[in-house]
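Input: a single structure, listed below in structure tokens.
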Amino acid sequence: MKKREPLGRTIALIAALISTAALPAVATAASTKAMKAEAVAQVAAQAKQVQVMVDQVFSYAEPGFQEIRTSEYLSRILEENGFTVTRGVAGIPTAFTATWGSGGPLIALGSDIDGLLGVSQTPGSPDVKPLIAGAPGHGEGHNSGMPMMIAAAIAVKQVMEKNKIPGRLMLWPGVAEELLATKAYYVRSGMFKDVDACIFGHVNTGFGTGYGEMGMNGMVSVEYEFSGKTAHSAAMPWEGRSALDAVEFMDTAWNFRREHLPLSQRSHDVITNGGGQPNVVPGKASVWYYFRDREFSSVRSLYETGNEIADAAAQATGTSVKRRVLGYAAPNFGNKPMAEAADANIRAVGMPAWSTADQAFVSAVQKANHLKAGPLASSVTPLSTPENRMAGGFGASDDIGDVMWTVPTITIGYPANIPNVIFHHATAAMAMATPIAHKGTVAGAKAVAMTVLDLMTSPKLLAEAKSYFRDVQLKTQTYDPVLTPTDQPAIDRNEKVMKELRPAMEKFYYDPSRYGSYLEQLGISYTAAGGGSDGK
Ligand SMILES: [Zn+2]
């Protein structure tokens, strides 16, 4: 062994020299800067395509698990641009991965694609005006996220090919995010097994990112189905056992128990089945709960309390209960080194150049809907840190948390919506197929592309991201989803409602071969909507 050591060293040295020679010139800070400028120009060149994608997905407006047209449309664009698409991943028909590249790091890029039930809205209208009454709509802006990631990925791919940078990209859509229903399954299926880092994008009114415990709740979504026995409610009520009684009992018990739960928890429910008609004792009834809290252990504890109360309600009413987990979301935790890199890029990109028409539309929307007034921001949002973040947290959840506890991840918020609108409401859909959404999405794509290039060309940044993930984040908590091996994605969700509504919705699909924009197809004047004149 001892004798052979110098030879081993020589071989190692030669190997190192060869591998260095075979690689393209190691990216210096200066060359990364130049490549970022190329990527920004490539994204800018795709502005028209971004508008088409944002408008197209807005017009599809498909709710969770029914993103059939959306998924087909987005994955086909990636295929046409040289990505290898695998459809139906993690047992979810509308989920896919689109990969490209070889060697180097594997960077994942994702964003949500689903709409919301009942918030159909005419874009470019400051008044609540559904395109189709009762139909789903993009009342949050999930129509813009994947178009942003696709524009960024195409730009990065072009720059990497030109400069012979090794590395791989994997794009993935957030299916059924509004149901918090897929990302834990993505993780469980091993989708992120070889991923080095992940950038997630979410529509926002500001442009920024953050790190640390993000103040978002973890949560479990679970439906309890009670089974009793039907009977004539008047003639033979003693023969019946009411499943609806059990649901009401459960809700009452939960609301009493609420007083003695941690102040940090948030929980809410809807009765999804309350029986058929009063003279039939309900044999089946269901209630759907969201249990939320800031930590893995407290989410699990709420869930266990809910299960106990459901069992007690069944016992008290002589019924039985089965539960089905419909979704799960881990608390969110952003990666500090990645967030700092992204923040510098966001600052370099800056806010979109908002026009007078954009600002006029914003104030028309705020005025018509009695929202707090305030223009589109003119400067980017400061980096959100555990020190400067609002102490109480934000209440809401995002199942990107599950990815965040699997690989180093950040969320970049990009400025594609109107300040002070109500999310999950028509007001949050009004701007989502207008120049505000188009410009904000392009700005976001530039920052994403630049951050991907940082990760691809700086082994130091990637190492720091991984060490923060391992040595800081994982020291605070351990990833502990409540999913059991038998839980399966609720892919049947929204099937019925879409079967009913899709024929009417199809008439409103955007046809970019005939119209320059969706607003044009709908015959909407953006400037007039903002109270301005149409004349230039
Ligand atoms: Zn969302």
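What follows is calculated from the coordinates using simple rules that are stated; it is not laboratory data. For clarity, every value in this text was computed on a predicted model and none was experimentally measured. Reconstructed Cβ throughout: ideal geometry from the backbone, glycine too, with neighbour counts over all protein chains shown.
Could you give me the ³J(HN,Hα) list for segment 306-317, computed from phi with Karplus coefficients 6.51, -1.76, 1.60 and θ = phi - 60°, whole Hz, x at Gly and Pro?
x, 4, 5, 5, 4, 4, 5, 5, 5, 4, 5, 10
Please arrange Ser31, Ser286, Ser378 by how many other C-beta atoms lie within 10 Å of their C-beta, fewest to most.
Fewest-to-most ranking of Ser31, Ser286, Ser378: Ser378, Ser31, Ser286.
With a sphere of radius 14 Å drawn around the Cβ of Val287, what net charge do the other residues whose Cβ falls strictly inside it have (Lys, Arg +1; Asp, Glu -1)?
Taking every Cβ under 14 Å from that of Val287, the sum is -3.
Taking amide hydrogens as modeled 1.01 Å from N in the peptide plane, which residues meet the under 5 Å criterion relative to Gly210, leaving out close sequence neighbours?
Ser384, Thr411
May I ask you to sort Asp311, Asp511, Asp114 by Cβ crowding, counting other Cβ atoms within 10 Å and putting the fewest first?
Asp511, Asp311, Asp114
So how far apart, in nm, are the two label points at Met390 and Ser355 if each is 7 Å from Cα heading toward Cβ?
Here the modelled spin labels are 3.2 nm apart.
Go through Gly306, Thr441, Ala135 and say which Cα lies farthest out towards the positive end of the charge dipole of the chain; charges sit on Cβ, +1 for Lys and Arg, -1 for Asp and Glu.
The residue sitting most towards the positive pole is Thr441.
With θ taken as phi - 60° and the coefficients 6.51, -1.76 and 1.60, list the Karplus ³J(HN,Hα) couplings across segment 38-49 in order, rounded to whole Hz; mark glycine and proline as x.
Coupling constants for segment 38-49: 4, 5, 4, 5, 5, 5, 4, 5, 9, 3, 5, 5 Hz.
Using only Cα atoms, locate the centre of segment 237-294 and the centre of segment 75-142, then give the distance between them in Å, rounded to an integer.
Cα centroid to Cα centroid, the span is 33 Å.
What order, most packed first, do the peptides 341-347, 180-186 have when packing is the mean number of other Cβ atoms within 10 Å of each residue?
Top of the packing list down: 180-186, 341-347.
Using only alpha carbon pairs under 8 Å that are at least six residues apart, calculate the relative contact order of segment 218-329 and give it in whole percent.
45
Between Ile132 and Lys162, take the C-beta separation as r, use R0 = 41 Å, and let me know the FRET efficiency to the nearest 0.05.
According to the calculation, E is roughly 0.35.
Given the C-alpha centroids of segment 390-440 and segment 189-234, what is the distance between them in whole angstrom?
If you average the Cα positions of each part, the centres end up 14 Å apart.
Below 15 angstrom from the Cβ of Arg69, what's the summed charge of the other residues (Lys, Arg +1; Asp, Glu -1)?
Around Arg69, the charge tally is -3.
Between Ala348 and His232, what is 0.36 nm times their sequence separation minus the Cα-Cα distance? Round to one decimal in nm.
So the extension gain works out to 34.7 nm.
Once phi is turned into ³J(HN,Hα) by the Karplus curve 6.51 cos²θ - 1.76 cosθ + 1.60 with θ = phi - 60°, what whole-Hz value does each residue of segment 326-342 show in order, with x for glycine and proline?
Result, ordered by residue: 9, x, 8, 9, 7, x, 8, 9, x, 7, 5, x, 5, 5, 5, 5, 5 Hz.
Mind checking the dipole of the chain: about its Cα centre, +1 per Lys or Arg Cβ, -1 per Asp or Glu Cβ, Debye to the nearest 20?
Using only the charged Cβ atoms, the result is roughly 1500 debye.
Find the relative contact order for the chain and round it to a whole percent, using C-alpha pairs within less than 8 Å whose residues are 6+ positions apart.
RCO, the chain: 23 percent.
Lysines near Lys229 by alpha-carbon distance under 23 Å, same-chain residues fewer than 8 away left out - which ones?
List returned: Lys284, Lys322.
Quick one: if you stick a label point 7 Å off each Cα along the C-beta vector at Ala463 and Glu239, how many nm between them?
Modelled inter-label distance: 7.8 nm.
Taking +1 at the Cβ of each Lys and Arg and -1 at the Cβ of each Asp and Glu, which of Ala246, Ser221, Thr319 sits farthest along the dipole of the chain towards its positive end, judged by Cα position relative to the Cα centre?
Toward the positive end, the furthest listed residue is Ser221.
In whole angstrom, note down how far apart the Cα centers of segment 505-522 and segment 310-371 are.
For segment 505-522 versus segment 310-371, the Cα centre distance is 28 Å.
Starting from the Cα gyration tensor of the chain, take the square roots of the eigenvalues, sort them a ≥ b ≥ c, and report rounded, prolate or oblate (rounded when a/c is under 1.5, otherwise prolate if a/b is larger than b/c, else oblate).
Judged from the Cα gyration tensor, the chain comes out oblate (a/c at least 1.5, b/c at or above a/b).
Which pairs break 26 Å Cα to Cα here: Lys367/Lys446; Lys48/Lys372; Lys48/Lys446?
Going by Cα-Cα distance, Lys367/Lys446; Lys48/Lys372 fall outside the 26 Å limit.
Within 10 Å of each residue's Cβ, count the other Cβ atoms and sort Glu213, Glu72 from fewest upward.
So the residues, fewest neighbours to most, are Glu72, Glu213.
Obtain the nm distance between the two label points defined at Ala528 and Phe423 by a simple spin-label model: each point lies 7 Å from its Cα along the Cα-to-C-beta direction.
It is 3.4 nm.
Treating only the Cβ atoms of Lys and Arg (+1) and Asp and Glu (-1) as charged, compute the dipole magnitude of segment 218-329 about its Cα centre; round to the nearest 20 debye.
Dipole about the Cα centre, nearest 20: 200 debye.
Sort the following peptides by mean Cβ neighbour count (other Cβ atoms within 10 Å, averaged over residues), highest first: 196-202, 440-446, 489-495, 224-230.
Packing proxy ranking, top to bottom: 440-446, 196-202, 224-230, 489-495.
May I ask you to list the residues of segment 247-273 whose amide nitrogen lies under 12 Å from a point 7 Å from Cα along the Cα→beta-carbon direction of Ala316?
Counting backbone N atoms under 12 Å from the label point, the list is 247-257.
Can you give the local net charge around Ala184? Use residues other than it whose beta-carbon is closer than 14 angstrom to its beta-carbon, Lys and Arg +1, Asp and Glu -1.
-3
Just from its helices, what would the mean residue ellipticity at 222 nm be for the chain, if runs of 4 or more DSSP H residues each count -39500 (n - 2.57) and the sum is divided by every residue, rounded to the nearest 500 deg cm²/dmol?
-12500 deg cm²/dmol
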